[in-house]
Structure formats: C-alpha cells, structure tokens
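What follows is a short report on a single structure.
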Amino acid sequence: MVANKNFGCGSSREHAPIAIKASGISCVIAETFARIFYRNAINIGLPIIECPEAAKAIQAGDEVKVDFDSGIITDITTGQEFQGQAFPPFMQKIIDCEGLVNYINQK
C-alpha cells in the first residue's frame, strides 16, 4: 500500500494496522506516518517505511520490492529505486517476529 502524508492519523489503537495486515498488505509506504500509527504498526509486525519520493512516484498497479535492511524501495514496474528510512535492527527484529508480543515471548 502506498499513501501520502500523515498516514494513519486519527488511529489511536492497533486496530487499523491489524486490519491492514489481515487484508494481506505486506508493507505500507508513505510520505509520513502519524506517530501512534507508526508505533502500533511496528508493535503488531506490519512493515512500514517512510519515503516521500517513492510515495509520490509509485502508481496503482506497480509491483514494488522493499529491502528493510537498507531502506531501498524498488519499483519493479518502472525500474526506479528510492532510498527510504531503514529501521534500526531492534525494530527489524520485532517485525521479523510478527510483532512485539512474539518478540518478547522469544526472549
């Protein structure tokens, strides 16, 4: 899913990112995220990445690949690459574990 500025604004609970994840969306790319949505998405294991250039350039129907280690977003349809904001390693571990609860349970 690709979105504009302040994506998730007005969503103070984890229900919004849970619904997005449950619908089969594997990642959200946006210009910016509302802070509470950002944290809730990480906590439930929904990968999100901020990149204004990608959010503006990617079109409906484009196939996109995201490398969360480097933050590189590739629009496979057009061949364009964008540098998104990569996650710190501890956040990547939370997402890899499918959420904060699973991450804590593995410790």
Taking only protein heavy atoms and a 1.4 Å probe, what accessible area per residue, in Å², does the chain have with all protein chains in place? 57 Å²
Which FRET efficiency, nearest 0.05, do Thr78 and Ser23 yield, Cβ-Cβ r, R0 35 Å? 0.90
Per the 1.4 Å probe, what fraction of the accessible area of the chain, in percent, lies on carbon and sulfur atoms? 53 percent
Quick one: grab Rg to one decimal and Dmax as a whole number for the chain, Cα atoms only, in Å. 13.4, 41
Suppose the chain between Met91 and Ser12 were pulled fully straight at 0.36 nm per residue; how much longer would it get relative to their current alpha carbon spacing? 26.4 nm
Pairs Lys21/Lys93; Lys5/Lys56; Lys65/Lys93; Lys21/Lys107: which exceed 21 Å Cα-Cα? Lys21/Lys107
Given the C-alpha centroids of segment 14-66 and segment 78-94, what is the distance between them in whole angstrom? 11 Å
Selected from Ser12, Ala57, Gly45, residue furthest toward positive end of dipole (the chain; charges at beta carbon): Ser12
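The values are calculated or read from the model by the stated rules, or taken from the named source; none is laboratory data. Being a predicted model, the structure only gives us computed values, none of them experimental. When we count neighbours, we look across all protein chains shown, and the Cβ atoms used for this are built from the backbone with ideal geometry, even at glycine. The protein model used for the area step is the full one, side chains on, heavy atoms only, and it has no ligands, DNA or RNA in it. Shrake-Rupley method; radii C 1.70, N 1.55, O 1.52, S 1.80 Å.
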